[in-house]
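What follows is a single structure, written as C-alpha cells, with notes after it.
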Amino acid sequence: MTGLVAVSAAIWLGLLLAWGRFWRADQRLGPASADAPAPEIVAVIPARNEVGTITAVIEGHLASDYPGRFSVVLVDDNSDDGTAEAARAVTPEEPEGRALHIVSAPPLEQGWTGKLWALHHGVAASVRLAPGARYLLLTDADIVHAPGTLHALVAKAEAEGRDLVSLMARLDARGRWGRLLIPAFVFFFQKLYPFPKVNERNSRIAGAAGGCVLIRQDALEGIGGVAALRSALIDDCTLARLVKAGPPKRAIWLGLADQEVVSLRDNRDLGSIWTMVARTAFAQLRHSWWLLAGCVAGMALTYLAAPIGLAVGLWRGDLPMALFGAAAWGLMAFAYWPTLRIYGQPWWWALSLPAAAALYTAMTIASAWAHAVGRGGAWKGRTYPAS
C-alpha cells in the first residue's frame with residue numbers, strides 16, 4: 001500500500017507542476033474601460049419553471065450599464081408555474097435602450113434536450129428582433145449579472161479577439177453541504193478543464209460554463225447553430241469545443257466570477273447537489289463502464305489514498321507510508337486553497353477535499369445506475385435517454 005500512497009503524492013506533484021496551473025484559480029475578468037466597444041447584444045435565456053428566480057434575473061439584465069443596444073429574449077419552455085407572467089411583471093416599461101421579449105418554445109421535439117430546444121428558438125427570435133447584433137449572451141434563468149458584467153465580457157472579446165467568452169458563476173456555498181461540496185465542484189471543474197489551457201489559442205482543451213457565455217453570432221452560425229448541440233447534456237463544453245476547433249479555429253476564454261455573475265440556485269440541500277451532478281456525470285464519461293471503473297479507481301488513488309495512507313501508516317508505525325500520505329494530503333490541500341479562498345473558507349478546510357471527492361464519486365456511480373435503468377439525464381420533469 002505504501003507504493004500506492006507514494007503514487008498519490010506523485011500525482012499531486014504532477015498536477016501542481018504540469019497541468020496548466022489550473023489550481024491557481026487566477027483567470028478573472030477585469031472591468032471594461034470607458035471607451036471599450038459596445039456593439040449590439042441580445043441575451044437569450046431559456047426558462048422552465050423558474051418563477052422563484054426570474055424576477056431578480058430580469059431586473060439584473062435591465063439594470064445593466066452596457067452603453068450599447070442590449071435586448072433580452074426570455075424563452076418560456078412550457079413552464080407551468082407562472083415564470084413568463086412573473087417576468088412580464090418586472091417592469092411595465094423597459095429602461096431606455098433595453099427591450100424584453102418573451103417567447104414560448106414549441107413542444108419539445110425528439111432528439112433535443114429541453115434547454116437547447118428553448119435556446120434554439122430563442123436564438124432564432126433574436127435574429128428576427130435584432131438582425132444587427134454582433135454577440136449573443138447565452139445565460140440561465142437562475143443567474144444574476146452585475147451591471148458592469150456585459151460590458152466587461154464584450155471588452156474582453158473585442159480586445160483579445162475572442163469569439164467566445166465565458167464566466168463560471170459564483171455558486172451558492174451556504175450550509176454544511178454547500179460548504180463541503182460547492183468549492184470542490186469548482187475545483188474539480190478547473191482540474192477537468194484547466195482554464196489557462198482553455199485560454200491558450202494553440203491548446204486543444206476547450207471548456208465553458210453555460211450560465212454565462214458570450215458568443216459571436218457568426219461563430220455560432222459557423223458551427224451550425226444550437227442544432228449542432230441538440231442532444232448534448234453537457235452543452236456548454238460541447239459548444240466551446242466546437243467553436244475552438246473550427247474551422248476556422250477560434251480563440252475562447254473561460255474565467256471564474258467573483259460577483260460579476262451569481263447563481264441563485266440553492267445548494268444547501270445534499271439532494272439538490274446530488275441531482276445536478278448525477279444528471280451529467282456518466283455522460284461526461286461518454287456512458288462507458290470502463291471509463292467509470294477508471295474514474296472510480298482514479299478518484300480513490302488521487303483523493304482517498306492520502307488520508308487512508310496517513311491513518312494506516314500511523315496506526316501500523318509505517319513511517320514511509322505515513323509520510324507519503326501526509327505529503328499527498330498536504331499537496332492536495334495546497335492546490336485546493338486558492339479556490340477555497342474565493343468562497344471565504346479557512347485554510348484548514350482544504351483538508352476536507354477527500355470527503356467531497358468521495359461524495360462526488362458516489363454521485364457519478366449513481367449517474368451510471370440511473371443510465372442503466374433508463375433514468376439518465378432526468379431534469380425538471382424530463383428524462384433524456386442517452387443517444
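The values are calculated or read from the model by the stated rules, or taken from the named source; none is laboratory data. Bear in mind that the values here come from a model prediction, so they are computed numbers and not experimental data. Virtual Cβ from ideal backbone geometry, glycine too; neighbours counted across all protein chains shown. Heavy atoms of the whole protein, side chains included, go into the accessibility calculation; ligands, DNA and RNA do not. Shrake-Rupley method; radii C 1.70, N 1.55, O 1.52, S 1.80 Å.
Share of the chain's accessible area from carbon and sulfur, percent, 1.4 Å?
59 percent
7 Å from Cα along Cα→Cβ at both V296 and A159: what's the point-to-point distance in nm?
4.8 nm
Cα-based Rg (one decimal) and Dmax (whole number) for the chain, in Å?
My reading of the Cα-based Rg and Dmax gives 21.7, 73 Å.
Peptides 20-32, 341-353, 255-267: what's the order by average Cβ count within 10 Å, highest mean first?
Result, highest mean first: 255-267, 20-32, 341-353.
Can you find, among H151, A105, M276, the residue sitting farthest towards the positive end of the charge dipole of the chain, where Lys and Arg contribute +1 and Asp and Glu -1 at Cβ?
Checking the options against the dipole of the chain, the answer is M276.
Would you grab the residues whose amide H sits under 5 Å from the one on E50? Only those 5+ places off in sequence or on another chain, please, with H modelled 1.01 Å from N.
Answer set, sorted by chain and number: T83.
Amide H neighbours of A43 under 5 Å, at least 5 residues apart or on other chains, H built in the peptide plane: list them.
Residues meeting the amide H criterion: S71, V72, V73, L137.
Could you give me the radius of gyration and the Dmax of region 238-322, taking only the C-alpha atoms into account and expressing both in angstrom?
19.9, 60
Throw me the Rg/Rh for region 314-367, computed over C-alpha atoms with Kirkwood Rh, two decimals. Don't jump to the answer; show the numbers that get you there.
On the way: Rg = 13.8 Å, Rh = 12.7 Å.
That ratio is 1.09, to two decimals.
Towards the positive end of the charge dipole of the chain, with charges on Cβ (+1 Lys, Arg; -1 Asp, Glu), say which of T302, G317, P131 has the farthest Cα.
In the chain, that residue is G317.
Between D80 and A63, what is the label-point separation in nm under the 7 Å Cα-to-beta-carbon projection?
Here the answer is 3.3 nm between the modelled labels.
Test of understanding: extend the Cα→C-beta vector of T91 to 7 Å, then name every residue of region 126-162 with backbone N under 13 Å from that spot.
Taking a point 7 Å out along Cα→Cβ of T91, the residues of region 126-162 whose backbone N falls under 13 Å are 147.
Could you tell me which residue out of L331, W349, S64 lies farthest along the dipole of the chain toward its positive end? Charges go on the beta carbon: Lys and Arg +1, Asp and Glu -1, centred on the Cα centre.
L331
Using the Karplus curve 6.51 cos²θ - 1.76 cosθ + 1.60 with θ = phi - 60°, work out ³J(HN,Hα) for each residue of region 120-129 in order, rounded to whole Hz, and write x for Gly and Pro.
Whole-Hz 3J(HN,Hα) from phi for region 120-129: 4, 6, x, 5, 4, 5, 5, 5, 5, 7.
What is the magnitude of the charge dipole of the chain about its Cα centre, with +1 placed on the Cβ of each Lys and Arg, -1 on the Cβ of each Asp and Glu, and no other charges, expressed in debye to the nearest 20?
The dipole of the chain has a size of about 1340 debye.
Please state the charge dipole magnitude for region 118-184, taken about the Cα centre, from unit charges on C-beta atoms (+1 on K and R, -1 on D and E), reported in debye and rounded to the nearest 20.
In debye, rounded to 20, region 118-184 gives about 220.
For region 211-275 and region 1-72, what is the centre-to-centre distance using only Cα atoms, to the nearest Å?
First find each Cα centre; the distance between them is then 10 Å.
Note the per residue figure in Å³ for the convex hull of the C-alpha positions in region 111-244. Working shown, then result.
Values: hull volume 16.9 nm³, N = 134.
For region 111-244, the hull spanned by Cα atoms encloses 126 Å³ per residue.
Would you grab the residues whose amide H sits under 5 Å from the one on A32? Only those 5+ places off in sequence or on another chain, please, with H modelled 1.01 Å from N.
A152
With θ set to phi - 60°, apply the Karplus curve 6.51 cos²θ - 1.76 cosθ + 1.60 along region 292-299 and write out the HN-Hα couplings as whole Hz, x wherever there is a Gly or Pro.
4, 4, x, 5, 4, 5, x, 5
Under Stokes-Einstein, with the Kirkwood radius over Cα pairs standing in for Rh, what whole-number D in µm²/s applies to region 267-315 at 37 °C and 0.692 mPa s?
My calculation gives 255 µm²/s for D.
How would region 54-94 be classified by its alpha-carbon gyration tensor: rounded, prolate or oblate, with rounded meaning a/c under 1.5 and the a/b versus b/c comparison settling the rest?
Here region 54-94 falls in the prolate category.
Mind checking the full-extension length gain between A10 and D35? Use 0.36 nm per residue of separation minus the Cα-Cα distance, one decimal, nm.
Contour length minus Cα-Cα distance gives 4.2 nm.
With springs only between Cα atoms under 10 Å apart, run a GNM on the chain and tell me which of R375, R88, R286 wobbles the most.
Per the Cα network of the chain with a 10 Å cutoff, R286 tops the list.
Taking the Cα centre as origin and putting +1 on Lys and Arg beta-carbons and -1 on Asp and Glu beta-carbons, what dipole magnitude results for region 176-299, to the nearest 20 debye?
With only Lys, Arg, Asp and Glu charged at Cβ, the dipole is about 340 debye.
What value in Å³ per residue do you get for the convex hull of the alpha-carbon atoms in region 1-92?
Spelled out: Cα convex hull of region 1-92, divided by residues, is 190 Å³.
Excluding residues on the same chain fewer than 8 positions from K156, give the lysines whose Cα lies under 25 Å from its Cα.
Filter leaves K191, K197, K244, K249.
Starting from the Cα coordinates of region 1-159, work out the convex hull volume and express it per residue in Å³. Don't jump to the answer; show the numbers that get you there.
Details: hull volume 28.8 nm³, N = 159.
Cα-based convex hull of region 1-159, divided per residue, equals 181 Å³.
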